[in-house]
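The values are calculated or read from the model by the stated rules, or taken from the named source; none is laboratory data. Model, not experiment: these values are computed from the prediction. Cβ atoms come from the backbone with ideal geometry, glycine included; neighbour counts cover every protein chain shown. Side chains included, ligands, DNA and RNA excluded: accessible areas come from the protein's heavy atoms. Shrake-Rupley method; radii C 1.70, N 1.55, O 1.52, S 1.80 Å.
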Amino acid sequence: MYTEDGPILVEWIPEFQFDNVLPTRSIPRGRAYSSVLFDPSTSLIVAASSLQARFTSFDEDGNKLWEPDAPNVTEPNVDCSALELIAPDIWVTMDGFEFATNEYVNDMTIVTLETAATETGKKDFIAVGTSIDRGEDLAVKGATYIFEIAEVVPDPAVSQRRWYKLRLRCRDDAKGPVTAVCGLNDYLVSSMGQKIFVRAFDSDERLVGVAFMDVGVYVTSLRTLKNLLLIGDAVKSVSFVAFQEDPYKLVLLSKDIQRVCVTQADFLFTDDDLQIVTGDEEGIVRIYEYNPQDPDSRDGRHLLLRTEFNGQREYRTSVTVAHRTKEDPPIPSSRLVTGSTNGSLASLTILDEASHKRLALLQGQLIRNIQHTAALNPKAFRIVRNDYVSKPLTRGILDGDLLSQYEGLPINRQVEVTQQIGTDRVNVLRDWIEVRGSW
């Protein structure tokens, strides 16, 4: 490569693959992982591995309920989990924690809790929610764990670098599976079946409940924004809740009245607008609005369904990141990145009104002018059947896969298509590059 300073030799990193949209690197570990976290304070990875172990059933007193009664009868295998603290620069497991043979991780996240061990009075901990299978005769139980990543003195014979350990600070047993955990204003929010608990970390050794609420049937997702809480349920869709500290209580602001199996619920916001995005087990993405001034919301008690879009991919994990532009407002808009069960990544980005209008008109022209795959209509591919509305609610989300085909058209076709919608090729490409290029 020739530059102003002269020739420079550029070598590709051999471990990375550049044939995909995003450069990737595969790290063989020999086991599957159900949850992965990155701790920014230590630059380490906390991962929950999925293992298999021999199942043993115990009663309430801890006694074995059944043992093999013949040589050819063996105990069945059951899922279990273990935590691993991994250094991503050398890919070495520094420390780990093994759960019981019939206990597996449902959810884990990094939460900020109050502590007396730091000058600020706050510290980041690893919160883990688990399920404990006890056979078909006893109900499933669960537990909430609080871990701390602590620096220790390394063994000079093993390594000269800084070394860390996982330290268990608290274990709180629950009468049901702990399916979701998150942090809220220096408190821990956890779900136990159909209940939501808000707890404080007292004396760095135990969790003390300060508020609770009965919600749906089975909580699948918890998301927070300041003092607002979003609850996704496997039967009763999504609920919008606020938390107050004086006195401590959870207040239900609004909820969706339809029965939808929500796998993940998230906030999507700009500097002056807030939307609620959910995904279900059929891959359908829905956008809700909380607007107490709208008569259809019944004084804000019902969330208003604004958009339905068939993403064709079920996603059970997501992360909200800042979507920054050249003219950044004081509060940048958010972008939602989702990971699907088929291994794909997708993103949902907020557009300004002018760009959305141009790209929506372009999408309509592409539907009518490009060759359809297998003679299938791309518009019908994204339509969601809803018996409660007169027409499909698909206008709020644009199909990025369809819009990306505009770049592959010949230049004369691009000019022709944009002339039909009353704009030019440069403006359309600028809008599309701003959406796609911020990856």
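By how many nm would the segment from Q17 to Q420 lengthen if fully extended, with 0.36 nm per residue of separation less the alpha-carbon distance? Walk me through the intermediate numbers first.
Numbers: separation 403, 0.36 × 403 = 145.08 nm, distance 4.00 nm.
Computed gain between Q17 and Q420 is 141.1 nm.
For Cα pairs less than 8 Å apart in space and 6+ apart in sequence, what is the mean separation divided by the residue count of the stretch 218-309, i.e. the relative contact order in percent? Write down the numbers at each step before the final one.
Details: 225 pairs, mean separation 18.8, N = 92.
For the stretch 218-309, the relative contact order is 20 percent.
Which one, T118, G96, I146, projects farthest toward the positive side of the charge dipole computed for the stretch 57-179 from Cβ point charges (K/R +1, D/E -1)?
T118
What does the C-alpha gyration tensor say about the overall shape of the stretch 330-400? Classify as rounded when a/c is under 1.5, otherwise prolate if a/b is larger than b/c, or oblate. Could you put the intermediate results ahead of the total?
Numbers: a/c = 1.44, a/b = 1.28, b/c = 1.12.
Rounded is the answer for the stretch 330-400, as its axis ratio a/c remains below 1.5.
Could you list which residues have their amide H under 5 Å from that of I257, counting only those 5 or more apart in sequence or on another chain, with H placed in the peptide plane?
L303
Report D for the stretch 179-240 in µm² per second (integer): Stokes-Einstein, Kirkwood Rh on Cα pairs, 25 °C, 0.890 mPa s.
On the way: Rh = 11.7 Å.
For the chosen part, D equals 209 µm²/s.
In this model, which of K195/K249; K175/K249; K123/K195; K175/K236; K64/K195; K123/K249 are farther than 19 Å apart at the alpha-carbon? Show your work: numbers first, answer last.
Values: K195/K249 14 Å; K175/K249 22 Å; K123/K195 26 Å; K175/K236 22 Å; K64/K195 30 Å; K123/K249 24 Å.
Long pairs (Cα-Cα over 19 Å): K175/K249; K123/K195; K175/K236; K64/K195; K123/K249.
If you filter the stretch 365-426 for chymotrypsin sites (Phe, Trp or Tyr not before Pro), then keep DSSP loop positions with at most 16 other Cβ within 10 Å, what is left? All intermediate terms of the calculation are to be shown ahead of the outcome.
On the way: sites: F381, Y388, Y406; in loops: Y388.
The qualifying sites are Y388.
Could you work out what % of the accessible surface of the chain is carbon and sulfur, using a 1.4 angstrom probe and leaving DNA, RNA and ligands out of the count? Each step should come with its number before you reach the end.
Details: 12570 of 25090 Å².
That share works out to 50 percent.
Dipole of the chain, Cα-centred, from +1 at each Lys and Arg C-beta and -1 at each Asp and Glu C-beta, to the nearest 20 debye? Display every interim value, and only then the final one.
Values: 46 positive and 64 negative charges, 242 e Å.
Charge dipole, the chain, about its Cα centre: 1160 debye, nearest 20.
For C170, enumerate residues with amide H under 5 Å from its amide H, sequence gap 5+ or separate chain, H modeled in the peptide plane.
I146
Say a paramagnetic label sat at a point 7 Å from the Cα of L65, along Cα to Cβ; which residues of the stretch 185-227 have their backbone N under 20 Å from it?
Label zone hits: 193.
What number comes out for accessible area per residue over the stretch 83-151 if the probe is 1.4 Å? Units Å², please.
Each residue of the stretch 83-151 exposes 43 Å² on average to a 1.4 Å probe.
Would you look at the GNM of the chain, springs on alpha carbons closer than 10 Å, and say which of L65, L230, L184 moves the most?
L65
When the Karplus curve 6.51 cos²θ - 1.76 cosθ + 1.60 is applied with θ = phi - 60°, which whole-Hz ³J(HN,Hα) does each residue of the stretch 195-203 get, with x for Gly and Pro?
For the stretch 195-203, the Karplus-derived couplings read 10, 10, 10, 10, 10, 9, 8, 8, 6 Hz, x marking Gly and Pro.
For the residue pair I90 and I27, what label-to-label distance in nm results when each label sits 7 Å from Cα along the Cα-to-beta-carbon direction?
Roughly 1.3 nm, to one decimal.
Please compute the length gained on full extension between F38 and K175, using 0.36 nm multiplied by the number of residues separating them and subtracting their Cα-Cα distance. It would help to have the intermediate numbers written out before the result.
Values: separation 137, 0.36 × 137 = 49.32 nm, distance 2.97 nm.
Roughly 46.4 nm would be gained on extension.
From the helices alone, meaning DSSP H stretches of at least four residues, give me the mean residue ellipticity at 222 nm for the chain, per-run term -39500 (n - 2.57), in deg cm²/dmol to the nearest 500. Please report the intermediate quantities before stating the final value.
Values: 5 runs with 49 residues, N = 439.
For the chain, the value works out to -3500 deg cm²/dmol.
Given axes a ≥ b ≥ c from the Cα gyration tensor, I'd like to know whether the stretch 317-439 is rounded (a/c under 1.5), prolate (a/b larger than b/c) or oblate.
Details: a/c = 1.58, a/b = 1.10, b/c = 1.44.
Note, shape of the stretch 317-439 comes out oblate.
Which order do the peptides 191-197, 370-376 take when ranked by the mean count of other beta-carbon atoms within 10 Å per residue, highest first?
Details: 191-197: 21.3, 370-376: 8.7.
The densest-packed peptide leads the list: 191-197, 370-376.
Dipole size in debye (nearest 20) for the stretch 15-170 around its Cα centre, Lys and Arg Cβ +1, Asp and Glu Cβ -1? Don't skip to the end; give the middle numbers.
On the way: 14 positive and 25 negative charges, 122 e Å.
So the dipole magnitude of the stretch 15-170 works out to roughly 580 debye.
How big is Rg to Rh over the chain, alpha-carbon atoms, Rh as the Kirkwood inverse-mean-distance radius?
Details: Rg = 25.3 Å, Rh = 25.1 Å.
My calculation of the ratio gives 1.01.
Could you tell me whether the stretch 223-327 comes out rounded, prolate or oblate from its Cα gyration tensor? Rule is a ≥ b ≥ c as square roots of the eigenvalues, rounded for a/c under 1.5, then prolate if a/b exceeds b/c, otherwise oblate. Before the final figure, lay out each step's value.
On the way: a/c = 1.41, a/b = 1.14, b/c = 1.23.
Rounded is the answer for the stretch 223-327, as its axis ratio a/c remains below 1.5.
At a 10 angstrom cut-off on C-beta neighbours, averaged per residue, how do the peptides 358-365, 278-285, 201-208, 124-131 rank from highest to lowest? Could you put the intermediate results ahead of the total?
Details: 358-365: 17.9, 278-285: 20.6, 201-208: 14.4, 124-131: 23.1.
Descending packing order for the listed peptides: 124-131, 278-285, 358-365, 201-208.
Give me the net charge of T93's neighbourhood, meaning all other residues with Cβ under 10 Å from the Cβ of T93; Lys, Arg count +1, Asp, Glu -1. Before the final figure, lay out the partial values.
Details: positive: R29; negative: E84, D95.
Every neighbour counted, the sum reads -1.
At q = 0.25 Å⁻¹, what log₁₀ I(q)/I(0) does a Debye calculation on the Cα points of the stretch 59-145 give, no solvent, two decimals?
Here log10 of I(q) over I(0) equals -1.26.
Give me the number: length gained by fully extending I8 to S390, i.e. 0.36 nm times residue separation minus the C-alpha to C-alpha distance, one decimal in nm. Could the numbers behind the result be given before it?
Working: separation 382, 0.36 × 382 = 137.52 nm, distance 6.26 nm.
Length gained between I8 and S390: 131.3 nm.
Please report, to two decimal places, log10 I(q)/I(0) for the stretch 1-90 at q = 0.18, 0.19 Å⁻¹ as given by the Debye formula with identical point scatterers on the Cα atoms and no solvent.
Scattering profile of the stretch 1-90, log10 relative to I(0): -0.99, -1.03.
Let me have the relative contact order for the stretch 351-439, percent, based on Cα pairs under 8 Å that are six or more residues apart. Provide the component values of the computation, followed by the final result.
On the way: 48 pairs, mean separation 34.3, N = 89.
Relative contact order of the stretch 351-439: 39 percent.
Order the peptides 290-301, 132-143, 19-30 from the highest to the lowest mean number of other Cβ atoms within 10 Å of their residues.
Working: 290-301: 11.9, 132-143: 15.6, 19-30: 8.4.
Per-residue mean Cβ counts within 10 Å order the peptides as 132-143, 290-301, 19-30.
Can you compute the modelled spin-label distance between R413 and E434, with each label point 7 Å from Cα toward Cβ, in nm?
2.6 nm
Suppose a student asked you for the relative contact order of the stretch 275-423, using Cα pairs under 8 Å spaced at least 6 residues apart; what percent would you report?
Values: 206 pairs, mean separation 28.1, N = 149.
Taking the mean separation of contacting Cα pairs over the length of the stretch 275-423, I get 19 percent.
Report, in degrees rounded to the nearest 10, the 0 to 90 angle that the Cα long axis of helix 425-437 makes with the longest principal axis of the chain.
Value to nearest ten degrees: 10.
State in Å² the accessible area per residue of the stretch 17-65; use a 1.4 Å probe, count heavy atoms of protein chains only, and round to the nearest integer.
Numbers: 3310 Å² over 49 residues.
I get 68 Å² per residue for this part.
Place +1 on the Cβ of every Lys and Arg and -1 on the Cβ of every Asp and Glu in the stretch 267-386, take the dipole about the Cα centre, and give the residue among Y315, I284, S344 whose Cα lies farthest towards its positive end.
Result: S344, furthest along the dipole toward the positive end.
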